[in-house]
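S.K.: Encoded as C-alpha cells, here's the structure I'll be asking about.
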Amino acid sequence: MSYHPSTLGRPSSGKRRVKDLLVQRDNRVCADCNAPDPKWASANIGVFICLKCCGVHRSLGTNISKVLSVTLDEWSDDDIEAMIEVGGNASANSIYEAYIPDGVSKPRPDASHEQRSKFIRSKYELQEFLKPSLRITSTSKKNSLQVSLSRKIMDSFRSSSSSQKSDGMVECIGMLKVKVIKGTNLAIRDMLSSDPYVVLTVGKQKTQTTVSRSNLNPVWNEELMLSIPQNCGSIKLQVFDYDTFSADDIMGEAEIDIQPIITSAMAFGDAGMFGDMQIGKWLKSHDNALIEDSTVNIVDGKVKQELSLKLQNVESGELELELEWMPLEQ
C-alpha cells in the first residue's frame, strides 16, 4: 500500500497535537462544569468540554462555539491552531470567567440542563463575565471568533489607557499561574475523610481545582490561571469538602500576598536576561499563613515562588503551591 507524500501522517499529527493539549492538567476537566475526562472541544473558543455542556454549546450556533469531538471529528488546520494558540481551559477561563458576579457560580457536573445552559450562555453568548471592553461582537462570518483569544486580550490590555473606565473595573497588569501541588493532613469533614478541592479568589474572579475523593493528603499538581489587576494585595485561598447533597464544608483558608512576586518581577523586567537567582522574599510572620520564609526566584528565565502554607481557622492542614508571574508581554 502506498501513500501520497503530501498527506502522509497529516491527520494523525494534527489530532495528536489536540490530544497532547487535552492531557494537560487543566484540560482534564470540563471548562464549564468541571466534569472529568472531557471528550469534546469548542475549537474557536479554545476549551475542552463534557458531553452535557457540549449540547448547550451546539445550541449557541457555530458563530459562537464550533464544537468538535476530540476523537471522532476531523479537525482543520485552522481549528487545531486556534486550540493550540489559546492553550486550553485555564487560559480561556482566566478571561471568560474573569468577573463572575457575586451570587453566580459555575455549575457542577451533576447540574441540571437549565443551570448549565444559563451559565454557558451568560459566559460565551452574552459574555457577562468578561470585562466589557474585551467583549467580542458575534457576526455571521465563519471565522469571526477564530482569532487567538490570548492575543486579542493581551493586545487590548496593552492598548488600553491607564485612566479609570466607566465600568469601574481595574486594568490587568499580568497573569499569575498558581500550581496547587498538594495538601497534607487536611481536616476530616465526612465520616473518616474528606473530598477536598481548593478555590482561589481575586476580586470577583474565582478558579478551583478538581475534587480529590476521600483523601486527606491529596496531590493535585494542577495549574490555575488568574488575571491580576492593579493594586491587588492578596489572593484568597479556601479549601472545601465537596458534598453531593448539602453545602460544601470549609476546610481552612489562607491569604496569599502576591506583592513580593509582582514587585520583584517588575523590578527585574525581562527575567530571560538573567541567570537563576533569588530576587525577592515573603517573610513568615505571626499574622500570615507561611510555614517558612518564601523566596522569589528566577528559574530558567521565569519568575517563580514556592509557598508552604498552614491553613487558618481549622484544626489541621497544610498546602504546597508554586506561583509563576507571567507579564502581559509574554
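S.K.: Per residue, how large is the accessible surface of region 174-238? Use a 1.4 angstrom probe and give square angstrom.
M.R.: Per-residue value: 42 Å².
S.K.: Determine the per residue accessible area of region 240-315 with all protein chains present and a 1.4 angstrom probe, expressed in square angstrom. Please report the intermediate quantities before stating the final value.
M.R.: Working: 4190 Å² over 76 residues.
Dividing the accessible area of region 240-315 by its residue count gives 55 Å².
S.K.: Further question: Could you sort out which of 52/304; 39/123; 236/281 sit more than 28 Å apart by Cα distance in this structure?
M.R.: Exceeds cut-off: 52/304.
S.K.: Let me know the shape class of region 21-86, please: from the alpha-carbon gyration tensor, a ≥ b ≥ c as square roots of the eigenvalues, rounded when a/c is under 1.5, otherwise prolate if a/b is greater than b/c, or oblate.
M.R.: It comes out oblate by the Cα gyration axes.
S.K.: Quote the FRET efficiency, to the nearest 0.05, computed for residue 62 versus residue 23 with a Förster distance R0 of 25 Å and r equal to the Cβ-Cβ distance.
M.R.: 0.45
S.K.: Enumerate the aspartates and glutamates that residue 15 could reach by cross-link, defined here as Cα to Cα under 18 Å, with residues fewer than 8 away along the same chain left out.
M.R.: 37, 73, 74, 77, 78, 79, 81, 85
S.K.: What area, in nm² and to one decimal, does the C-alpha convex hull of region 218-301 cast on average over all directions? Intermediate results must be reported in sequence, preceding the final value.
M.R.: Numbers: hull surface 31.0 nm².
The directionally averaged projection comes out at 7.8 nm².
S.K.: Of all accessible surface on region 174-297 at a 1.4 Å probe, what whole percent is carbon and sulfur?
M.R.: That fraction is 50 percent.
S.K.: So what are the ³J(HN,Hα) numbers for region 304-321, from phi and the Karplus equation (6.51, -1.76, 1.60; θ = phi - 60°), rounded to whole Hz, Gly and Pro as x?
M.R.: In residue order, the calculated couplings are 10, 8, 9, 10, 10, 10, 9, 5, 9, 6, 7, 6, 6, x, 9, 10, 10, 10 Hz.
S.K.: I would also like to ask the following. Let me check I've understood the local charge: for residue 241, count other residues with C-beta under 10 angstrom from its C-beta, Lys and Arg +1, Asp and Glu -1. What total comes out?
M.R.: My count for the surroundings of residue 241 gives -4.
S.K.: So how far apart, in nm, are the two label points at residue 300 and residue 184 if each is 7 Å from Cα heading toward Cβ?
M.R.: Going by the 7 Å Cα→Cβ label model, 2.4 nm.
S.K.: How large, in percent, is the carbon and sulfur part of the accessible surface of region 32-96 at a probe radius of 1.4 Å?
M.R.: 54
The values are calculated or read from the model by the stated rules, or taken from the named source; none is laboratory data. Just so you know, these numbers come straight off a predicted model, no measurement behind them. Cβ sites come from the backbone with ideal geometry, for glycine too, and all protein chains shown count toward neighbours. Keep in mind that these areas ignore ligands, DNA and RNA; they rest on the heavy atoms of the full protein, side chains included. Shrake-Rupley method; radii C 1.70, N 1.55, O 1.52, S 1.80 Å.
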